[in-house]
4 protein chains.
Amino acid sequence: MNTFGKNFRVTTFGESHGKALGAVIDGCPACLGLSETDIQPLLDRRRPGASPLSSPRRERDSVTILSGVFEGKTTGAPIALLVQNEEAQSEDYGEIRDTFRPGHADFTYFMKYGIRDHRGGGRSSGRETVGRVAAGAIAMKILKQHGITISGRILEVHGKRSDKDFEKEILAVKEAGDSVGGIAEITAHDCPAGLGDPVFGKLDALIAGAMMGIGAVKGVEIGDGFAAAKRYGSENNDQMTEDGFSSNHAGGILGGISSGQDIVVRIAVKPTPSIAKVQQTRDIHGNVVEISVKGRHDPCIVPRIIPVAEAMLALVLTDCVLESGKYQKH
Amino acid sequence: MNTFGKNFRVTTFGESHGKALGAVIDGCPACLGLSETDIQPLLDRRRPGASPLSSPRRERDSVTILSGVFEGKTTGAPIALLVQNEEAQSEDYGEIRDTFRPGHADFTYFMKYGIRDHRGGGRSSGRETVGRVAAGAIAMKILKQHGITISGRILEVHGKRSDKDFEKEILAVKEAGDSVGGIAEITAHDCPAGLGDPVFGKLDALIAGAMMGIGAVKGVEIGDGFAAAKRYGSENNDQMTEDGFSSNHAGGILGGISSGQDIVVRIAVKPTPSIAKVQQTRDIHGNVVEISVKGRHDPCIVPRIIPVAEAMLALVLTDCVLESGKYQKH
Amino acid sequence: MNTFGKNFRVTTFGESHGKALGAVIDGCPACLGLSETDIQPLLDRRRPGASPLSSPRRERDSVTILSGVFEGKTTGAPIALLVQNEEAQSEDYGEIRDTFRPGHADFTYFMKYGIRDHRGGGRSSGRETVGRVAAGAIAMKILKQHGITISGRILEVHGKRSDKDFEKEILAVKEAGDSVGGIAEITAHDCPAGLGDPVFGKLDALIAGAMMGIGAVKGVEIGDGFAAAKRYGSENNDQMTEDGFSSNHAGGILGGISSGQDIVVRIAVKPTPSIAKVQQTRDIHGNVVEISVKGRHDPCIVPRIIPVAEAMLALVLTDCVLESGKYQKH
Amino acid sequence: MNTFGKNFRVTTFGESHGKALGAVIDGCPACLGLSETDIQPLLDRRRPGASPLSSPRRERDSVTILSGVFEGKTTGAPIALLVQNEEAQSEDYGEIRDTFRPGHADFTYFMKYGIRDHRGGGRSSGRETVGRVAAGAIAMKILKQHGITISGRILEVHGKRSDKDFEKEILAVKEAGDSVGGIAEITAHDCPAGLGDPVFGKLDALIAGAMMGIGAVKGVEIGDGFAAAKRYGSENNDQMTEDGFSSNHAGGILGGISSGQDIVVRIAVKPTPSIAKVQQTRDIHGNVVEISVKGRHDPCIVPRIIPVAEAMLALVLTDCVLESGKYQKH
């Protein structure tokens, strides 16, 4: 299942060290102004090598639109986006060819497929999100037409809340050959009421699935999330006022449908599993071995996950906006 | 979207005070022994009126299999399950006909559809889960054939962890006309490695969507979840041993695919929004009014949500088990 | 796959001799006036026993709306429709319990599922179309709001074109213990241009799939169909005039998208396979045996297939109408 | 909807004169040997310029696998296939920029999208089938593992049945600036019994949708198709013998499920709408104008449609083979 969405459908492809990565977007409305310059800035935010906090792998991640755009406008045909891998062949991953990295998808891919593209994680690599971010950029253009914007921020790194602490924390942990996790918060602003479906297609269900579908995410909250579980109903209910609500504990979603308030999502990001510290693991022959993962890995993935999570929220909301169009009076 | 699943597809229907509730299950393997007695016990666990902790509404929730079973075995045809509503007409919901209950789906349904079946919450009522639990019972029969079992438990009510505390807590809050939330944990035991897809169809993504699609759930964690965000990679990685793993921080899922360890899911359940305490709200004409919700509401939904969450996990896993069958050598 | 459609989704259930048949409709717009009286007349047209040309089985096929309608209007919740089987238990099908009727689904169901509800064909019976016709009635109400109407007619029975001939033909063949096929034509009038998708989701592709999905249909044509294969392009192209087209060889669809002309579909219906004439066949133990199929079978299914084919065309068009709504400026 | 299939999912992209065409295949089993040399021969069969009967446009249609294959084997990750357009920019389509070609998708695309890539038909061009044929080549490799093969042949051109006649016919019609249609027959050999679903997902329904989804196809028949409509049941039923059937009027499908006999499909192909002969049409401003379509068009598309129809049948059957795997005992 490499396709996301029902109306605005995104199919991604590509591996960390394959020839190219990309996405095909199907269901994009026609007559939307679109060029590579709408997409590139978001890819640049996601790109490695941009700060001392991230992996030193250097990729330009330069996007090309292969189809679906004619004279600067979308035609309704599928939009294929392509990003070539440049550093793909330069690295030696031979040492992990037969060894499962702890906490990584190596073992489960091998159990599922009986084969594994071990080079840089193959399809399980964070590079797979290139296609998501590119598609998300188009989604955001559509959302903007409906007045909706999306923003994300780091909330916590390794339990620390302040911005100053977490930079120091990440550099220290990098030095130590270890990694750390954190929490990010993504918000959709000015979302109209009425998006999302009751029951299985609840807006929060779609968002939770979208977020948990990002590698390294281990928890998702909407609004107050787990804190709500510790409250009285009289504290947690958002009472209504003349022109809205007196609070937003619900995070903008009631009964699976947007209420018109900000949609607030938080995600728990685990520490990157690829660390230099020596760990015990197994190889494909069943031998218990020790491993110290080399390579250019991020000591903390939280900063780079934000554009990805924003893109996923954009994809969900675009899908819902198109869905709700079906039922409007024309 | 009242259909869940790709291979084992469940479509639910019915409202709190309509004629009947039910589900149609499509994609169930043929030749599975099945009768109402496989389903009824799970419905009985979900049923209201069974304990002083739950709503006093009394429904037998007696299930009938309408189709898809012949001489005690499934035929491969869709299985329609029906539960009649019995107390449907007996209650007076007139007072909330035009008023939105705070924290409830009333407002958003009205914004989405321009019409609202206000009787007992209509489709947004917890009674909708009757169809899910009934379908889940069939899913569990299939999982059992693959050796997989599912269990759930209350972890926390209103911040209290011990079993003794939370009964007292719930009765006290009921007395006060208020409600409380809590946390439940659902575990799948003896799940084979290899279930779930990479990227958007990750097993944890499917589970997160399934859980967040249950009314009142505001957060989902897999394995250590939000706690993992506070750890070092060297602490959080589950190192491998000769015959498994030395820990299960990951909750049985790596890279979106099951690892063969227990799959551990936690959900945050908000306090029931329908409370007797006076709250401020709005009516459909835009007037700010006060409301004290009458009716037979659960002061804490956590105990009754457990069979629902177990059912949803069973639906996800059954879908993945069937999916993985496609790619096995025959 | 007992679900049809992407936006207006119909899931049918039930067997010839099970407890009940029905359908769940998901995605129906809210606020549509709806009651059983909108649906019953179409079921009555499909019903057996209405004329000497059809099976003498007598069913009232009385429909009940179980959910999704409140105070006479749809709510946006799934609409469950139920029709009880009345004559279900009265017939003896023991003689075909272990024998495959030639030309029937008996053999292939048994090969696929390893089990078979032999009573009256089970799920493969024409009674399965009860759910389709009921759902189609709702679709037609939606289409009517968009000005679209659907009509069907018998074009040919056993090669004869005139109305008078085919009644005589059917009664004669019934007498002889045999059956005959024929051709039906279904037309959608006043369909707007722009329905349908390019490539795989072409309107004619959706229609062809819908029609071929009706039991006994062995061929589908759009517009001139097979006759177009014998023409020059200069004959077959519909030239354009100031306010339309000079002809409608294309049957209202160009490049998979409706052109605004009448949509014209023809279906080839095979002779009913269940005949009294002695035929050679096999039983489930592999023995070659002779069979003379007893029971109340239609000597020619063409008249009764028309409301079913109309319903299927209505389902396809309603789905496309909703789909196209997504992309309209609001 | 540029995606086909449920289990073996093919998403195509690209326009006649865009940068590139291609397909992403999702759901391909892992460990299948695959390289460009498996795909290229089928693209070569479809390619223009190969015979005097086809368009003189010269494209190498050289395919590159961008992802999903590692060390010569599929990994379970999506397989992206790319074919660059080479002659894309060389032609002048200015004359049809504002004019709708009769019988072509020009008018309906413009009505649907409000924008049209007029260059060579854009997305509605036959070049779109490059992605289908490439994907079909992979499907055929999978089918071969199950012993299934597919073949196609021209049955009729402009009403003529013999091979000798139709070559002469096509060259004559080309000379006259006109075009002709015809009939093709596609057969799947050695298909196991049990493929396909009852009701909406009937194997013949899937095939009919797949075939009618090919541009220029206006009719589809299974087995004897329209001829069956003129028969008695006693003639049309395929009686069973000790080890099979005494005939194959049904074309290998009973009740929507394969019977183990050859699956026989016939398609009616209309004459190419783009002809040099002067026709009356309209432009986008509403003026009635005359048009003589220039460009390198096929005078008869039947020969080149055969690899496309074979590919579509391969896609349908592969999807069904994978689907049926879900329900097999492991």
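Quick note: the coordinates plus some simple rules give every number you see, no bench work behind them. Remember, it's a predicted structure, so these values are computed and weren't measured experimentally. Don't worry about glycine lacking a Cβ; one is built from the backbone with ideal geometry, like all the others, and counts go over all protein chains shown.
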note = Calc'd 3J(HN,Hα), segment C:79-85, phi into Karplus 6.51 cos²θ - 1.76 cosθ + 1.60 (θ = phi - 60°), Hz, glycine/Pro = x, comes to 9, 9, 10, 10, 10, 6, 7
key: Cα-based helix-to-principal-axis angle, A:203-212 vs chain A, degrees rounded to 10   = 10
remark   = Answer in debye to the nearest 20: the dipole magnitude of segment B:3-324 about its Cα centre, from +1 Lys/Arg and -1 Asp/Glu charges placed on Cβ, is 680
message = Where in chain A is the longest stretch that carries no GluC sites (Glu not before Pro) classed as loop by DSSP and with at most 16 other Cβ atoms within 10 Å?
response = A:92-241
message = Can you pull out the trypsin sites (Lys or Arg not before Pro) in segment D:128-224 whose DSSP state is coil and whose Cβ has at most 15 other Cβ atoms within 10 Å?
response = D:Arg161
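What Kirkwood Rh does chain D have if only Cα atoms enter the pairwise 1/r average? Answer in Å. Let's see the in-between values first.
On the way: mean 1/r = 0.0475 Å⁻¹.
That comes to 21.0 Å for chain D.
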request  = From other protein chains only, count the Cβ atoms within 10 Å of every residue's Cβ in C:248-261, then give the mean.
outcome  = 5
ask   = Hey, how many Å between the Cα centroid of segment D:34-68 and the Cα centroid of segment B:218-273?
value = 48
HN-Hα J in Hz across segment C:61-72 - Karplus 6.51, -1.76, 1.60, θ = phi - 60°, x for Gly and Pro = 6, 7, 9, 10, 8, 8, 7, x, 10, 9, 6, x
Projected-area average for segment D:50-128 over all orientations - Cα convex hull basis, square nanometres = 8.0
request  = Measure nothing but the geometry: give the 0 to 90° angle between the long axis through the Cα atoms of A:129-145 and the longest principal axis through the Cα atoms of chain A, rounded to 10°.
outcome  = 20
Estimated D of the protein assembly as shown in µm² per second, where Rh is the Kirkwood radius over Cα pairs and Stokes-Einstein applies at 25 °C, 0.890 mPa s = 77
Backbone HN-Hα couplings from phi across segment A:225-236 [Karplus 6.51/-1.76/1.60, Hz, Gly and Pro as x] = x, 4, 5, 4, 5, 9, 10, 7, x, 5, 7, 8
Entries of B:Lys202/D:Lys141; B:Lys230/C:Lys326; C:Lys270/D:Lys6; C:Lys73/D:Lys326; A:Lys141/C:Lys144; A:Lys174/B:Lys270 with Cα pairs more than 32 Å apart = B:Lys230/C:Lys326; C:Lys73/D:Lys326; A:Lys141/C:Lys144; A:Lys174/B:Lys270
